[in-house]
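Since every read-out is calculated from the coordinates, none of them should be taken as a lab result. All values derive from a computational prediction rather than experimental measurement. Heads up, the Cβs are rebuilt from the backbone with ideal geometry, glycines too, and the neighbour counts pull from every protein chain shown.
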Amino acid sequence: MNNERIEYTILRNLIFNEDYTRKVLPFINEIFFPKREEQILFQEINTFVLKYKNLPSKESILIELGNRKDINEEENRIVKELINSLSPEEIDQQWLLDTTEKFCKDRAVHNAVLDGIKILDGKDKKRTQEAIPSILADALAVSFDKHIGHDYIEDADDRFKFYHTKEKKYQFDLSYFNRITKGGVPSKTLNIALAGTGVGKSLFMCHCASAYLAQGLNVLYITLEMAEERIAERIDANLLDVSMDDLHHLPKDLYDSKILKVKNRSTGKLIIKEYPTASAHAGHFRALFNELSLKKSFRPDVVFIDYLNICTSARFKGGNVGSYFFIKAIAEELRGLAVEFNVPIFSATQTTRTGYVSTDIGLEDTAESFGLPATADFMFALQSNEELEQLGQMKVKQLKNRYNDPGINRSFIIGVDRAKMKLYDVENTAQNIVDKGTEVENNDKDPYDKFSDFKV
């Protein structure tokens, strides 16, 4: 008997580890076990637990096994041998749960592929080729949901703690963004900037990435549009307080001294990773997170993906589904990634052609998919025109906000220094284009930059 197989470990713990069994049993299918004797043993364990709401003993399994009429003498002997070889063993519970989840997902995908082949070969008379994407999607979605619901009475203490626990948020260095988000964005969220080409999607994300690094946070910037060096160049301009043009003429000793100041003033790290356009999806990003954790001991606090529309989906090929479902799927996968790794994710999307020339962008101007705003937690438009450009300003308009009432400060102005790839607060007198009928809060007497002492 090979006692080193994961199947053996799972079966052993299903008998001797009650906490483990109650967590994983609903997610395990007998077809995940390749050997007939393991399938039979799992059937007996599963039947007993469902009927008696308790773990079976080895003796009870042996007795129930003797009552079965669907197995032959040789199968009975092999199963008995397997049962008698089982014994309790100390094991790391979290490793066991993680490994079991991977086993279930791998087996589900394996079986889904086999089912797909049967359908393609015409051996499955009940399902057509149109069922294959759904079969694969269900397999890829296999995961252990350890939370089975909120018990109103039993969980009252937890609920009280929740009411009195301040949610961790990642602050902006822009006062109005902090105001409309009630102090920044929380983890497990998807935050989207909507803008036309050249308006400032990447500028916004590069500025925020710089600001979060200034706060001592670990920042991961994924680019699918520009090269890693181009993104780093923009962040250099922001943090070193040097224009993009002047960067190329900066003496090496001066450049090194500025970089050293950045290094000394921030405990965080910034990793920039480039993928070819339309080649990467949430699965690639998940692998990157794990690789960075393993090789560099780097866990991001905030993630930027530049940008959503040129990602691809882990579930669908673009040509196989409409743009609505495709872009919505990408957004859902990115938000799922944010939840899985407990981080806020920032990304961006293009406006439609109509939105690009519009003076007042709305949700209807989201390119390709109205499903994107439905998935995002926070979505805002970045708008510019000739007048704002001359003033070095940009208009921000809230489109969706799960953090606050979007009717407060629906629109506001921020300053833009495109040469240094910076955004900044402006005087309250500049807030003169707010939507009619929108409540405006102008409590700050002066603009501020919370992290101004970081700039070099």
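Extension gain for Phe325-Leu388 works out to 19.1 nm (0.36 nm per residue, less the C-alpha to C-alpha distance).
In terms of packing, defined here as the mean over residues of other Cβ atoms within 10 angstrom, the peptides 220-227, 203-210, 181-188 line up highest first as 203-210, 220-227, 181-188.
Give the peptides 166-179, 291-304 in descending order of average Cβ contacts within 10 Å, highest first. Display every interim value, and only then the final one.
Numbers: 166-179: 18.1, 291-304: 16.2.
My ranking of the peptides, most packed first, is 166-179, 291-304.
When the Cα atoms of the range 144-289 are aligned to their principal axes, the ranges along those axes come out at 67, 35, 29 Å in descending order. Seen through its C-alpha gyration tensor, with square-root eigenvalues sorted a ≥ b ≥ c, the range 1-153 comes out oblate because a/c lies at 1.5 or above while a/b is not bigger than b/c.
Which of the peptides 96-107, 131-142 is most tightly packed, and how do the rest follow, judged by the mean count of other Cβ atoms within 10 Å per residue?
Working: 96-107: 16.8, 131-142: 15.3.
Ranking the peptides 96-107, 131-142 by packing returns 96-107, 131-142.
Summarising the label geometry, the points placed 7 Å from Cα in the beta-carbon direction at His248 and Leu50 lie 6.9 nm from one another.
Taking the helices alone, the chain has a mean residue ellipticity at 222 nm of -13500 deg cm²/dmol, built from -39,500 (n - 2.57) per DSSP H run of at least 4 residues and averaged over all its residues. Summarising the strand pairing of the chain, around 40 percent of its internal DSSP beta bridges are antiparallel. Across the chain, the mean sequence separation of Cα contacts (distance under 8 Å, 6 or more residues apart), normalised by length, yields a relative contact order of 16 percent.
Could you please rank Arg315, Arg68, placing first whichever residue has the fewest other Cβ atoms within 10 Å of its Cβ?
Values: Arg315 21, Arg68 13.
So the ranking, lowest neighbour count to highest, is Arg68, Arg315.
For the range 385-428 versus the range 141-206, the inter-centroid distance based on Cα atoms is 21 Å.
Relative contact order for the range 1-102 using alpha-carbon pairs under 8 Å, separation at least 6, rounded to a whole percent? Before the final figure, lay out each step's value.
Values: 68 pairs, mean separation 34.0, N = 102.
It rounds to 33 percent for the range 1-102.
Semi-axis lengths, largest first, of the ellipsoid equivalent to the chain are 52, 24, 22 Å, with √(5λ) applied to each eigenvalue of the Cα gyration tensor.
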